[in-house]
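Asker: Below you'll find the structure I mean.
No value in this document is a laboratory result; all are computed from the given coordinates. Source: prediction; values computed, not measured. Using ideal geometry, Cβ is built from the backbone for each residue, glycine included, and neighbour counts are taken over all protein chains shown.
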Amino acid sequence: QMNELETETATFGLGCFWGPDGSFGALKGVVRTRVGYAGGEMKDPRYTKIGDHTETVQIDYDPDQISYRELVEIFFNSHNAFAEAYSRQYASLILYHNEEQRQTAVEVKENLEAERNREVKTVIKELDRFYLAENYHQKFRLQQKTEFRDHYFEMMSMEEFINSPTISKINGYVSGNGGRDEIIQNIGEFALTDKLQEELLRLNGIDPAECTTFCK
Ligand code: MHO
């Protein structure tokens, strides 16, 4: 049961949070993602009044399956951390939750700088408060796929939708971030109709005909 795992949490900013919500959500060992605003001082930010905050994705993960170091490496591989941020809203940002995370983040950043002989612009600082973004930003890619959205909205409340490990995974998979073996292995566990299973496979470049022996 995924909910009973001992999880740890990572918080990253790397541009518009819709993309990383899906790319991190699809990773093996990532249990849940949620998007929000963090890194600033202003109280109660909203999308239309973000103040000095940055769009961030908060990632709950099982450290037995994926390490913080791996997540930080994926973070750096997922955006251009050498470029000056377009704005504070889209800053490259690592908000650490403890001293161990801080050390790892600094180390990975310094290794990257040494390797590429360029300054990394990522700001690394302690997480203060994470403000959950508005409902419509959560699992945005999934909410855009109306047939998947309607299917799950019928089964659960908005709160469950935002917090469900299954929904984070599906959001990653509908964005096309699913690893082939992962999807084929897990597709039976998402309470999808046959038609939606086939659609999910197609969205990840897998021919549903290839899957009949595993997926049913
Ligand atoms: N304004 C961009 C990015 C949205 S992201 C939540 C867009 O509409 O695609 O900042």
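Asker: What does the charge count around residue 90 come to, taking other residues whose C-beta lies under 15 Å from its C-beta (Lys +1, Arg +1, Asp -1, Glu -1)?
Answerer: After counting each charged neighbour, the total is -2.
Asker: Still on this structure, please answer the following. Fewest Cβ neighbours within 10 Å first, please rank 112, 95 accordingly. Mind dumping the intermediate values first?
Answerer: On the way: 112 18, 95 25.
Fewest-to-most Cβ neighbours within 10 Å comes out as 112, 95.
Asker: Shifting gears a bit: Calculated FRET efficiency, residue 136 and residue 77, Cβ-Cβ r, R0 30 Å, to nearest 0.05?
Answerer: Given R0 = 30 Å and the Cβ-Cβ separation, E is 0.60.
Asker: Suppose we keep just the alpha-carbon trace of the chain; what are its Rg and Dmax in angstrom?
Answerer: 17.7, 53
Asker: Separate question: Please list, ordered by chain and number, the residues whose modelled amide H lies under 5 Å from the amide H of residue 124; skip anything fewer than 5 residues away on the same chain.
Answerer: Those lying under 5 Å, H to H, from residue 124 are 94.
Asker: If you filter region 1-106 for GluC sites (Glu not before Pro), then keep DSSP loop positions with at most 11 other Cβ within 10 Å, what is left? Could the numbers behind the result be given before it?
Answerer: On the way: sites: 4, 6, 8, 41, 55, 70, 73, 84, 99, 100; in loops: 6, 41, 84.
Listed in order of number, the matching sites are 6, 41, 84.
Asker: Still on this structure, I have one more. Please list 3J(HN,Hα) in residue order for region 90-98, calculated via the Karplus relation 6.51 cos²θ - 1.76 cosθ + 1.60 where θ = phi - 60°; whole Hz, with x for glycine and proline.
Answerer: With the stated coefficients, region 90-98 comes to 10, 4, 7, 8, 10, 9, 7, 9, 7 Hz.
Asker: Which of the chymotrypsin sites (Phe, Trp or Tyr not before Pro) across region 25-88 are loop residues per DSSP, with 15 or fewer other Cβ within 10 Å? Write out the running numbers ahead of the final one.
Answerer: Values: sites: 37, 47, 61, 68, 75, 76, 82, 86; in loops: 47, 82, 86.
Passing sites in region 25-88 are 47, 82, 86.
Asker: Also: Under the Karplus relation 6.51 cos²θ - 1.76 cosθ + 1.60, θ = phi - 60°, what is the ordered set of whole-Hz ³J(HN,Hα) values for region 131-143, x standing for Gly and Pro?
Answerer: Those phi angles translate into 9, 4, 6, 4, 3, 5, 8, 6, 6, 4, 4, 5, 5 Hz.
Asker: At a threshold of 8 angstrom on Cα-Cα distance, excluding pairs fewer than six apart, so keeping six or more, what relative contact order does the chain reach in percent?
Answerer: RCO, the chain: 25 percent.
Asker: Please figure out what share of the DSSP beta bridges in region 2-132 is antiparallel and state it in percent, rounded to the nearest 5.
Answerer: 85
Asker: Mind listing the phi-derived Karplus ³J(HN,Hα) values for region 39-45, rounded to whole Hz, using 6.51, -1.76 and 1.60 with θ = phi - 60°, and x for any glycine or proline?
Answerer: Calculated HN-Hα couplings, in order: x, x, 10, 4, 7, 6, x Hz.
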